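Here the structure is laid out as structure tokens; the discussion comes afterwards.
The values are calculated or read from the model by the stated rules, or taken from the named source; none is laboratory data. Because the structure is a prediction, the values reported are computed rather than measured. Please note: Cβ atoms are built from the backbone with ideal geometry, for glycine as well, and neighbour counts cover all protein chains shown. What goes into the accessible areas is simple: the full protein's heavy atoms, side chains included, and nothing from ligands, DNA or RNA. Shrake-Rupley method; radii C 1.70, N 1.55, O 1.52, S 1.80 Å.
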Amino acid sequence: LLWTQHYPGSLGRDIGYSVQETSDGGFAVCGFTENTGVEEDVYVVRTDANGDTLWTRTVDLGGSEVGWSLRQTDDDGFVVLANSFTFADPDGDLYLVRFDANGDTLWTRTIVSPGVDESHGLDITADGGFILAGGNGYPSRDIFLVRTDALGMEQWRRTHATSGDEMALDVQAMDDGGFICGGRNEDLLTGDIRMHLFRTD
């Protein structure tokens with residue numbers, strides 16, 4: 001063990017879901033911080049190589065939000081994939097939030113689709129855009145992919161329907177321009193859950 005650090009938010013109930021080493025040898029973490037005892041906000045922490053805090057950012061999108069995945073961009077900024085739910089919209093929406101190197105928000109994009117959305121997978125594509133992977137339609141979800149340009153504007157989406165409950169939990173852009181997704185597949189009749197790999201062009 002070299003070191004441990006804690007990064008408490010406003011009420012002390014804070015969880016990190018994604019971490020990446022940054023270009024300067026430090027780290028960036030995203031997750032959530034609880035702001036009222038009921039709702040959560042996206043929480044982003046950037047540290048130096050020793051884990052000492054350089055800056056933190058809290059993002060309130062108007063509901064209960066979780067930052068699931070984070071990537072550093074070529075300009076030393078960051079992009080975070082978040083889910084947001086409200087009492088008025090329990091199905092929720094997906095958000096891309098783009099930060100500069102100092103943690104200031106550059107833009108926020110909302111990705112709306114019918115039914116319950118959940119997405120944990122995020123990567124940067126060869127053209128500087130973004131690929132999102134998750135599931136839509138709980139309790140019988142279908143894997144879905146959304147590709148955006150570098151400004152977070154949607155270029156296309158694909159839904160891959162099956163008879164089971166499928167969810168992509170991670171995605172990686174491949175050298176040939178396609179994508180590989182890792183996740184879960186559940187047989188709704190037997191309850192069997194299997195690891196699931198999903199490769200696209």
Quiz item: Where nothing but the Cβ of Lys and Arg (+1) and of Asp and Glu (-1) is charged, how large is the charge dipole of the chain around its Cα centre, in debye to the nearest 20?
Solution: 200 debye
Quiz item: Averaged per residue, what accessible area in Å² does the chain show with a 1.4 Å probe, protein chains only?
Solution: 50 Å²
Quiz item: Which value results for Rg/Rh of region 49-124 when Rg is the Cα radius of gyration and Rh the Kirkwood radius based on the inverse mean 1/r?
Solution: 1.00
Quiz item: Which three lengths, in whole Å and largest first, does the chain cover when its Cα atoms are put on their principal axes?
Solution: 48, 42, 37
Quiz prompt | Modelled FRET efficiency - R0 30 Å, Thr86 with Tyr7, Cβ distances, 0.05 increments | solution = 0.70
Quiz prompt | Solution diffusion estimate, µm²/s, Stokes-Einstein, region 139-190, Kirkwood Rh from C-alpha pairs, 10 °C, viscosity 1.306 mPa s | solution = 128 µm²/s
Quiz prompt | Distance between modelled label sites at Ser163 and Ile124, nm, 7 Å Cα→Cβ extension | solution = 4.3 nm
Quiz prompt | Extension gain from Met153 to Asp175, taking 0.36 nm per residue of separation minus the Cα-Cα distance | solution = 5.7 nm
Quiz item: Out of Gly137, Gly152, Phe85, whose Cα points farthest toward the positive end of the dipole of the chain (charges: +1 Lys, Arg; -1 Asp, Glu; placed on Cβ)?
Solution: Gly137
